[in-house]
1. Limited to segment 47-68, what total is found for residues that are modelled with pLDDT of 90 or more and farther than 28 Å from T117 by Cβ?
2. Scan segment 1-58 residue by residue and report those that are in a loop (DSSP other than H, G, I, E, B), over 17 Å from the mean Cα position of the chain (by Cα) and crowded, with 18+ Cβ neighbours inside 10 Å.
3. Name the single residue that is farthest from R18 (Cα to Cα) among those in segment 185-205 being surrounded by 13 or more Cβ atoms within 10 Å (Cβ to Cβ) and free of Cβ contacts under 8 Å to residues at least 40 places away in the same chain.
4. For F189, are the conditions met, namely being among the aromatic types (F, W, Y), assigned by TED's automatic domain parsing to the domain that holds L120 and within 19 Å of the chain's Cα centre (by Cα)?
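The values are calculated or read from the model by the stated rules, or taken from the named source; none is laboratory data. Source: prediction; values computed, not measured. FYI the Cβ positions are ideal-geometry reconstructions off the backbone, even for glycines, and counts take in every protein chain you see.
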Amino acid sequence: MNLTPKQLRILQLIRDWRVRRGYSPTMQELADEIGVSKVTVFEHVEALIKKGALIREPNKARSLSIADGIAVPDESRPLRFPLVGKIAAGNPIERVPDMEEIDLVDVIGSGTRGDSTFALKVEGESMRDEGILDGDYVLIERTQVAQNGDKVVALLPDGSTTLKTFFKEDDHIRLQPANPAFDPIRVKFCQVQGIVKGVVRRYGR
């Protein structure tokens, strides 16, 4: 897809906001992020919609989303994934606004192609018994649908995110740690941000 640098940046920002916050930025927030006028952002967004890269629900605020089957270009480079922050594997932590990249060539020397895949760095030991340790990188496939037993990135009602195993029970959702030192998190609702598809660990320097 032929995108201008600002259109690419808009796609990246929409993806990152939805991962970190669970909703899309407004036109004004996009304008503030990239340093242009709201009118200019609107023109770029309209162009992205016409190209089939974005979807906008009419008469609904914060409704921009990336169209199904569209991988943001920085997700399509072999062995490179956007590193969009840190994820709690202990108690939930606030979202982190860092934006970096993890290059699997630098980390392990090989990897897989990343379509709609992003990386998070793990903090904490609550998923230890699943082999996910503090300092690991988890590769996350972006989805809002999870099945019981999936290891998910979940956005909690208080706005924090956590990495746990997902179980839908009769009247609540149980987010189960894999370490007896941690209690399950039980909530009426959470928003799944993605499912763990891989773990990358670096040994030594």
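1. Looking only at that region, the number is 0.
2. Let us first name the residues in segment 1-58 that are in a loop (DSSP other than H, G, I, E, B), namely 1-4, 22-26, 35-37, 51-53, 56-58.
Pick out the ones that are also over 17 Å from the mean Cα position of the chain (by Cα) and you get 1-4, 26, 35-37, 51-53, 56-58.
Listed by number, the list holds a single entry, A53.
3. Pass one, segment 185-205, residues surrounded by 13 or more Cβ atoms within 10 Å (Cβ to Cβ): 185-187, 190-201.
Right, trim to free of Cβ contacts under 8 Å to residues at least 40 places away in the same chain and you get 186-187, 190.
Working: R186: 23, V187: 20, C190: 14 Å.
The qualifying residue farthest from R18 (Cα to Cα) is R186.
4. Details: among the aromatic types (F, W, Y): yes; assigned by TED's automatic domain parsing to the domain that holds L120: yes; within 19 Å of the chain's Cα centre (by Cα): yes.
So F189 passes the test.
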